[in-house]
Structure formats: C-alpha cells, structure tokens
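FYI, it's all coordinate maths here, none of it is from the lab. All figures in this text were calculated on a predicted structure; none of them were measured in a lab. Using ideal geometry, Cβ is built from the backbone for each residue, glycine included, and neighbour counts are taken over all protein chains shown.
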Amino acid sequence: MRLILVLLLSLLTTSATYSRQMTHGVSSILSPGESYALYEEFTEYISRKLGTPMDTIHKGNYAEMNRLIESGNVDIASICTGALLHLPEGSFRVLAVPVVDGRAGYRSYIITNAKSNVRTFTDLKGRLFAMTDRLSNTGYLYPTWLVTKKGQKPEQYFGKVSYTGSHDKSITLVSKGVVDGAAVDSIVFNASVRLNKELGKTVRVVEQSPEFVSPPIVASERVNAEEFRKTRQVLLSMHKDPEGKRILGKMGIEQFAVPDAEAFALVRSMKRFVDENAKK
Amino acid sequence: MLLLVLGFGVVTMMFDITIVATAQNRFIDQTIEETVANQHVAIAHPMTEALVYDDIYTSYTLAETVTKNIPFISNVIILDAKKNVVTDSLVTRSLPEGMTTVAEGRQRTGSTDYFTFPLEQKLGWVIFVVDLNWKRETILSQIFQTVGVHLLFVILLIIPGIILAVYVTKPLSVLTEQLSNATLEKLPFTLELPEHTTTEVRKLAETLTAMAERLKQATDQLTEQEKQMAREEKLASIGMMAAGLAHEIRNPLMTINMLIHSAKQSFDVTLTEKDLAVMMHASDRVVSTLNDFLSLTRPIEQKPSVTSVQRIRNMLSGWAASTLEDKMQLHVQYDEDTTLILDEGRVMQVAHNLLINSADAGATECVLTIETQNDMLVMTFADNGKGVHPADAAQLFRPFFTTKAHGTGLGLSMSELIAQALGGSLTFVQQDTRGAQFVLSVRNLYEKDLDS
C-alpha cells in the first residue's frame, strides 16, 4: 500500500519537474510573419527533446519581451543582444548564442539602395533612415553610436528616423527606396539575401560594425537549474541531430554555443558611450 | 438593300457608342469618387497611427496596397502635419508635378485628379492620385467592344443580305428587265435567269412565261378574228356596192328592156319619140351611174386657185337660192374674210352634196359656219332635218349606202374622198337635238405659201 503511495508521489514530483508547461518567447529578429512557422518548429523541437510541453509567444518588440522575462512570465526567450543590455542583472541567464559562419557573433550592417548615390554612412546625413527597435543592438545602438561619435544625435544627423520594428521590414524599405538607409542584423540580412537573390541586387552594405556576440537565447528566473542544464544541452547538441540541423539551416545558424564571459563587453561599452553623450 | 443594312448597322452603332460612352463616363466618375473616399476611410486610422509612431513601413505599405488594388489610383502620397512628404507608393518622395498647394479637396491637372484628405486632427495628409487616362482607356475599350459587337452583327447580317441579293434580288431585277423588253410582237418570250435563283423566283418566271404563251394565243386568235371581220366587212361592202350598182343598172335596163319588148311584141307599134327619149334617158342613167362609180376609183384632180371666204359664201348663197329655192334656207356665217388658195370647184361639189342631202332629209334651214384654223378651212353644216339614225351613222360614207328612196348612195362617199384629196376630212357629228351636222375641212394652201 505504502509502496504504491511512494511510487505515485515520485511520479507526481517527476512530472512536476519535467511536465510543466513552458514558454519560449520570440521577439522579432525576423519579422513575426516570416519566422512564425520557423520558430514554432524550433520550439516544438526543443519541447520534444526536453520531453516537456512548450508554447511559443511572439512579441512585437524587445521591450515587451524584456518585461516578460523580468516578470518571469516566459521561460526561455530569443532576444536581441541590445535588449539584453536593458535587462536587470540576475533576471536572466544566457543559455546559448547562435554560431553563424563559424563565428558566435554577428554584425550590424548599414545598408542603402544599390541604385542610389548614397555610398557611405556620411552620405546618409540629412536622409531618411530606418531603425528597427530602440532596444536593438544592430538596429539602433550601432548606428546611434556612429552618430554620437560624430558629436550628434540621430534626430539631428539624419533627416528623419523611422522605426520599423523588424530587420526584414527595414531591408524591404531600403530595397524599395522608401528610405535611404537602414541598420540591420547581419544574420537576418544574409538569410534574406540567400532566400531571395533579387533582393541582394537591390541593396548594398556600406558599413559593417565590429563583431558583436550574436543574439542569445536566455532563460528567465522561472527556469530552475536542472531545466537550465537540460535546455542548454539540447541547444548545444542540436546541430548533431538531423532534424535539429535542418531547422538550424532554415534559421541560417550552424549551431549553438556558450558565449564567453566578456562576450557582451563591446556592446556594453557602446551603450555606455551613447548614454553618457545623450545626457549632454 | 445591302446599303440599308449597313446604314442601319452604323446608325445603331453610333447610338450605342454614345450611350455607352456617356453612361460609362458618369458611372466611372462616380465610382472613382466613391472608391477614393472609401479607401481613405479604410486607411485613415492606421495611417494616422503610423505617422504618429514614425512607422514608415506601415505608411508605405498602406499606400502601396491601395495603389496596387485600385487600377485608377496611380499613387498615394502621405504627408506629415507640416505637409512634408513622408512617403508615397511610387517612392517619388515628392509632391506631384504641378501641385503647389496641399489643401483638402479635389484638384485637376491635365489628365490627373488629386484628392486630398486631412487625417484626424490634421496629424497628416493623404493625397490620392487618380489617373484619368485609365478612365479614358476603359471607356475606349468599352466602345471598341461595342463597335466589335456591332461590326459582328453587321457582318452577320451582311451574309444573309448577300444571300438574299444573289438568290432573290438579282434574279428578280434580271426578270424585270427581260419582261420590260418583251413586247407584244416578241410573244411568247423565254426568261433567262441567273444560276443562283431561288425556286420561288423560278416559279414566278415559269408562270409569267405560261401567261405569255396564253397571251400570244389570245392575241393570235384576236388577230385572226379581226382579219375575218375585215374580210367579211369587205365582202359586205363589195356585196352592198354590187347590190347598189346592180340595182341602179337593172332599173334603167329593165325600162329599156320593157320598151324593146313591147316594140318587139307588136310590129305595128313602133317606138315613139317619147319612148326613144325614155330609153335614152335610161341608158344615160346607166352610163352616168357607172361613171360615178368609176370616178370613185379614179384619183381626184384638184386645181387650186386664189379665192376667199367671202367668195365661197357668195357662190354658195347664190347656188342655194337658185337650186334650193323655198325648200331650204341657207344661212352663212363667218368671222374673217381670209384669202384662200384651194380648188373652190371641188369645195362647191361637196357643199352642194351636203346641202342637197339636208334638203332631201326634210330640212328647212341650214346654218353654215366658215372658219379658218391654222392652215385649214373648216365649214360646219348644221341642218334641222330628220337627222341620221345612230345605226346608219357607221355606214354613212359607204358607197351605195342611202336612206333616200331615189339615190345612188355615192354622194357622201365621193364627198369624203374629195375632202381627203384636198388634205382634209369630212365627218358626221351626231346631234342630241334635231338635225344633222357635217364638218368639212380642207387644206388652205395660202398659209402654206406664206410660210415658204
């Protein structure tokens, strides 16, 4: 009798540990429409591998996603490097970062229309410029840092600044000539151009940033140590699995890796520089 | 016939084109206005939001979607509160050419219409650029379609029209032409029709040919009958003439015969002077009858001379007074005393004959009216005698025809011949009242001389 009770209890605790409903938050690295199906697949893979049900939550901007992470309303989240800088310490832990072209890093590209006469960042002065999200590293921080280095603010430097909310949209706007230039994520840019060769002919990269650590997948406080370990394991070995490899390929990622301690240093210093000069 | 079809087709086509063009024009104008207004309503709110949040992507996409979906909207231009161009679907990034002010309402420049709407609380402006060429092209294509349909109809109608013309109209006109050429002499005729003739027209031709045959038969019959009648009449005339002649000759001869016979009977009765005179008179009569008869066959000589109406009147009045005495009064009337050149002797001959006839018919008065008409002398004799019975009127001028107890019946036939020889005629005019009227007309050679 007591044996059955013990067994039942252990079963319960086991399921409690492993069968809780988890959520994967996705903020718009690629525009939600484009990546919806892809991220569903990704989540479903992780869920299967962990043996625990997992939902996907899409959020239109990084700030909203950060709020979910801070409040512990999401378990794991794919966020932007820049967004991470706005998260309070201790509210998150970095699970892994994607490796692209053999590097666990990515860049910000300043792009312009191939047919226009805007060939350098300086040419963009007084022009229409598109950024993605105020919390974005590649889509906001980097171009702002460039402008701050020249002693100006983006609103002064550029003719007008628009916020598209996604790298995809920024690329589209530049490609159609609606704006003169934009700052976009290199992973997204390269993936888009790979998918659509015609697109590559309409835009050109006029400036590249130094390498930043690629957009991480973080875990919120709700994820316990065991879950954290297991999830990290799944991510790190994803490329060894044929199914996992396939999904990674679609995302334009080779594999996941653990970043080193100083990986975010460059980004942090950029942010510090911008913040200080903004007060002036 | 073909022209009628074509004309009809063209007229209805013009009519239809006008209707189509007018209706389309109005319909399209209305549609454009409504569509633009609806599109604005659809995008106004999201557009306002996009402007407020500097979301150029949404602004652009909204504008582009409208332009892509509506064929006559060629561009949608978004402006901020300060009326600076934010973006437009064609990425021209500027106001349209020729647009100087941005104000709510409708502007037209050439073939473009601009509809400008302010957004909520003038947070921005939207300009819809309507390409009126689209309207023109749409109407034109509608017209072409209409024209096409009409042309198709015309062509479709032309085909039966041609068929009709070939099989009916042409054969009919050929038939009509041949019929108009056919004359009575050419009966019966055969009608030749073109190869492609419908059965109905052929039947018609056959019927007409049959009719022609029957007509020919009838006219042949008629001609035969006429010939027969003429022959009989001729025989009758000859018979009558022979009978008359025989009668005129037999009576005197019988007188002579009788006297000779009685003389032959008793030898002692010799023929007295009186008897001989009677016999002479009888034989004279035979001779003169035969002479008269022969003179009918001889050509009539005429000796024209200068005379006048008055002279003739005087001569006749004198003759009537002495010859007719109290039996009949002659009244002569005339307008002008014209000079005449004709054979007055012959004229007298005819006049005497007519006047004697009138007297013999019991007339007490005869009115003679003498006129000159152009180159003819016309003398009208009207008496108050017993007149001529209608049944006798036809035979009046036939030799040996007479209603008198004693008469050769050669007088009027001779008079008629004389009148004809003098270039005129002698006719009897039936009177409603009592009496007979004869009109003698002869040619007056005097006028003829004047002309030549």
Least to most buried among A:Phe273, B:Phe401 (fewest other Cβ within 10 Å first): A:Phe273, B:Phe401
Over chain B, what relative contact order in percent results from Cα pairs under 8 Å that are six or more residues apart? 9
Note on the range A:134-181: alpha-carbon gyration tensor, axes a ≥ b ≥ c; rule is a/c under 1.5 for rounded, else prolate if a/b larger than b/c, else oblate; result oblate
Test of understanding: ordering B:Ile32, A:Ile79, B:Ile17 by Cβ neighbours within 10 Å, fewest first, what list do you get? B:Ile17, B:Ile32, A:Ile79
Formal net charge of residues neighbouring B:Glu224 (Cβ-Cβ distance under 13 Å; K, R +1; D, E -1): 0
Once you have a ≥ b ≥ c as the square roots of the Cα gyration tensor eigenvalues for the range B:287-355, tell me rounded if a/c is under 1.5, and otherwise prolate or oblate according to whether a/b is larger than b/c. oblate
Within a 10 angstrom radius of the beta carbon, how do B:His40, B:His331 rank from fewest other beta carbons to most? B:His331, B:His40
How high is the relative contact order of the range A:67-186, in percent, counting Cα pairs under 8 Å that sit 6 or more residues apart? 32
Could you identify which residue out of A:Pro98, A:Pro216, A:Pro259 has the top mean-square fluctuation in a GNM of chain A using Cα springs shorter than 10 Å? A:Pro259
Net charge near B:Lys234 (other residues with Cβ under 15 Å of its Cβ; Lys, Arg +1; Asp, Glu -1) is 0
Cross-link partners of B:Lys234 among lysines (Cα-Cα below 26 Å; sequence separation of 8 or more within a chain): B:Lys404
How many angstrom lie between the Cα centre of the range A:182-227 and the Cα centre of the range A:116-172? 17
Can you classify chain B as rounded, prolate or oblate using the Cα gyration tensor, where a ≥ b ≥ c are the square roots of its eigenvalues, rounded means a/c under 1.5, and otherwise it's prolate if a/b beats b/c and oblate if not? prolate
Among the lysines, which have Cα under 23 Å from the Cα of B:Lys135 when same-chain residues fewer than 8 positions away are ignored? B:Lys68
Pick out, from B:Ala382, A:Leu7, B:Ser358, the residue whose Cα sits farthest towards the positive end of the charge dipole of the protein assembly as shown, with +1 on the Cβ of Lys and Arg and -1 on the Cβ of Asp and Glu. A:Leu7
Tally Lys/Arg at +1 and Asp/Glu at -1 over every other residue whose Cβ is under 15 Å from the Cβ of B:Glu365; what's the total? -1
Under the rule of -39500 (n - 2.57) per DSSP H run of 4 or more residues, summed and divided by the residues of the protein assembly as shown, what mean residue ellipticity at 222 nm is obtained, to the nearest 500 deg cm²/dmol? -17500 deg cm²/dmol
Between B:Ala23, B:Ser89, B:Thr61, whose Cα lies farthest towards the positive end of the dipole of the range B:1-159 when Lys and Arg beta carbons carry +1 and Asp and Glu beta carbons carry -1, centred on the Cα centre? B:Ala23
Please work out the Cα center distance from the range B:14-91 to the range B:379-452, rounded to the nearest Å. 112
List the lysines whose Cα lies under 22 Å from the Cα of B:Lys303, skipping any in the same chain that are fewer than 8 positions away. B:Lys448
Cross-link pairs A:Lys153/B:Lys122; A:Lys153/A:Lys279; A:Lys169/A:Lys201 - those with Cα-Cα distance over 19 Å: A:Lys153/B:Lys122
Exposure rule at most 11 other beta-carbon atoms within 10 Å, DSSP loop GluC sites (Glu not before Pro): chain B longest free segment: B:337-452
Given R₀ = 30 Å, what would the calculated FRET efficiency be for B:Ile260 paired with B:Ile356, taking r from the Cβ atoms and rounding to 0.05? 0.35
When Rg is the radius of gyration of the Cα atoms in the protein assembly as shown and Rh is its Kirkwood radius, what does Rg/Rh come to? 1.70
Identify, among B:Met279, B:Thr116, B:Ile158, the residue whose Cα sits farthest towards the positive end of the charge dipole of the protein assembly as shown, taking +1 on the Cβ of Lys and Arg and -1 on the Cβ of Asp and Glu, with the dipole about the Cα centre. B:Thr116
Can you tell me the orientation of helix A:225-236 relative to chain A, as the angle in degrees between its alpha-carbon axis and the longest Cα principal axis, to the nearest 10? 60
